[in-house]
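Chemist: Have a look at this one.
Please treat every number below as a calculation from the coordinates, not as lab data. Worth saying up front: this structure is predicted, and the values here are computed from it rather than measured. Backbone-built Cβ (ideal geometry, glycine too); neighbour counts: all protein chains shown.
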Amino acid sequence: MKKPLFLPGSNPLLRFAIFALLSAALIYLDYRTQQLDAIRSTLNTVIYPLQVIVDFPARAGSWVNEALVNRSSLIERNARLRAENLKLSSQLRTVASLKYENDELQRLLHSARQLNHDYTLGRLLAVSMNRVQQRIIIDKGGRDGIEPGLPVLDGLGLMGEITRVYPYHSEAMLISDTGQSVPVRILRNGLRGIASGVGVSSHLDVLYLPITADIVEGDMLVTSGLGGKYPPNLPVATITQVSTSADSPFAAVEACPLAALDQSRSVLMLKPSVEAATTDSDDE
Amino acid sequence: MIFTPKPLPLYLSLVAAIILQLIPLPDFVADARPLWLPMTVLFWSINMPAHFNIGSAWVIGLLLDLITGSLMGQHALAMITMSYIGIRLYKQYRLYSILQRLLLVFAAVLAWQLIDSRLWGLSGHAPTGWAFWLPLISSLVLWTWYQGLLSWVDEHWRRNREG
């Protein structure tokens, strides 16, 4: 087969025009209506294997890493994990009694809020972290009871929120996405603000904190629960930089997400359990 | 329509480009990630317009839309624009000097970035900062080598099949 020097009777401009119109129609439909959602969901299930293939090099890398770990370092890691486990389980016992105490107090105060959640454990299938999009794909979907809007966490803090759900996988937008804002409060003094993503996984902007506010570097931000999107008191970020300028009534505050947004391979999806779903959580 | 088997290197390079385009990288490298998939589409549009036409580019663009979760048709539109530039000028491209070739590639990649950034803005993800334009430079720098590699693989495969 030789490279053809001239194309047999086809008109690229006509073709271009047809496909451009087709694309424009699709963009319009997707932007203005929900009609493409079903098609997108179906096609996404069809290309699911492709996502797995794309993930393969990364997974192969971690396999190789695991395979090359030698015995002594395994023993060492095992010992460390066992010590950590012991520490955590003793802490958990304290927490259990505190929780019991807290429940009692809340019942005395006739507060309806209960912090009971079911966890679903998921594994990352793919990530796309760039300026325009900070997004992860998780290997749990509608079949595992995942719903849009569920908060996603790793062991350290809030990662984001489920945005699209397919039968076998789902998509989550990270808190560092430019389209994502989390209502937060400072743990130390309860000041409220909004942590907004800037498209980089290593920091968030905290908006609407006045220049006179009592903020210092190292302050921890937790979700405030306002807006009802995220349950309250999930750890979000620590303040890394506070600067004020004369021409703005608000301080420029930067924070670093606590969750390892670009490293975690396992995530938790928080699902309100039955008793929490029936009650209300609008105080604060 | 007569069915013509599409050459293997074309498929393999597209799959490889999709992987390279999507594989997770640290922030500072990801910012400058070359536009692997658009470059590959441009290469085949220029070098094999009889096998790889605007329709193929459109399908690949839609695939990217599905994978990245962008508006349906967003990358498809950017992709066919690039492919059109390639297919329109594939005859001239062979006569061009290196500088002229790079200019063509620059125009095509710029068209891609412009369409892409405009349409990301539509879904509320407008890219901010100069870092969005880094891939333009890295793609241009890599083009000559990338093109050389793809042509070499293609030639090799063809020769093996014939002889």
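Chemist: In the structure shown, do any of A:87/A:229; A:99/A:271; A:140/A:271 have a Cα-Cα gap over 21 Å, and if so which? Provide the component values of the computation, followed by the final result.
Modeler: Values: A:87/A:229 33 Å; A:99/A:271 19 Å; A:140/A:271 13 Å.
Table pairs above 21 Å Cα-Cα are A:87/A:229.
Chemist: Along the charge dipole of the stretch A:99-227, which of A:132, A:197, A:182 sits closest to the positive end, that is, farthest toward it, with unit charges on the beta carbon of Lys, Arg, Asp and Glu (+1, +1, -1, -1)?
Modeler: After comparing all options, I get A:132.
Chemist: In degrees between 0 and 90, to the nearest 10, how far off the longest principal axis of chain A does helix A:12-32 point, with axes built from Cα atoms?
Modeler: The answer is roughly 20 degrees.
Chemist: A further question on this structure: Among B:123, B:56, B:138, which one moves the most in a GNM of chain B with springs linking Cα atoms closer than 10 Å?
Modeler: B:123
Chemist: Let me know the charge dipole size of chain A about its Cα centre in debye, to the nearest 20, where only the beta-carbon of Lys, Arg (+1) and Asp, Glu (-1) is charged. It would help to have the intermediate numbers written out before the result.
Modeler: Values: 27 positive and 29 negative charges, 263 e Å.
It works out to roughly 1260 debye.
Chemist: A further question follows. Nearest 10 degrees is fine. How inclined is helix A:37-46 to the longest principal axis of chain A, computing both from alpha carbons?
Modeler: Between the helix axis and the principal axis of chain A, the angle is about 80 degrees.
Chemist: Next question. Using +1 at the C-beta of Lys and Arg and -1 at the C-beta of Asp and Glu, which of A:226, A:261, A:96 has the Cα lying farthest in the positive direction of the dipole of the protein assembly as shown?
Modeler: A:261
Chemist: List the chymotrypsin sites (Phe, Trp or Tyr not before Pro) within the stretch B:41-112 that fall in a DSSP loop (any state other than H, G, I, E or B) and whose Cβ has at most 16 other Cβ atoms within 10 Å.
Modeler: Answer in residue order: B:96.
Chemist: Could you let me know the centre-to-centre spacing of the stretch B:77-96 and the stretch B:103-128, using Cα atoms, in angstrom?
Modeler: Cα centroid of the stretch B:77-96 versus Cα centroid of the stretch B:103-128: 17 Å apart.
Chemist: Here is a further query. Please list, ordered by chain and number, the residues whose modelled amide H lies under 5 Å from the amide H of residue A:118; skip anything fewer than 5 residues away on the same chain.
Modeler: Amide H neighbours of residue A:118: A:271, A:273.
Chemist: So which DSSP H runs in chain B come out at 20 Å plus along the axis (Cα) with average Kyte-Doolittle of at least 0.0?
Modeler: Counting only whole DSSP H runs, the qualifying helices are B:8-22, B:54-68, B:74-88, B:98-122.
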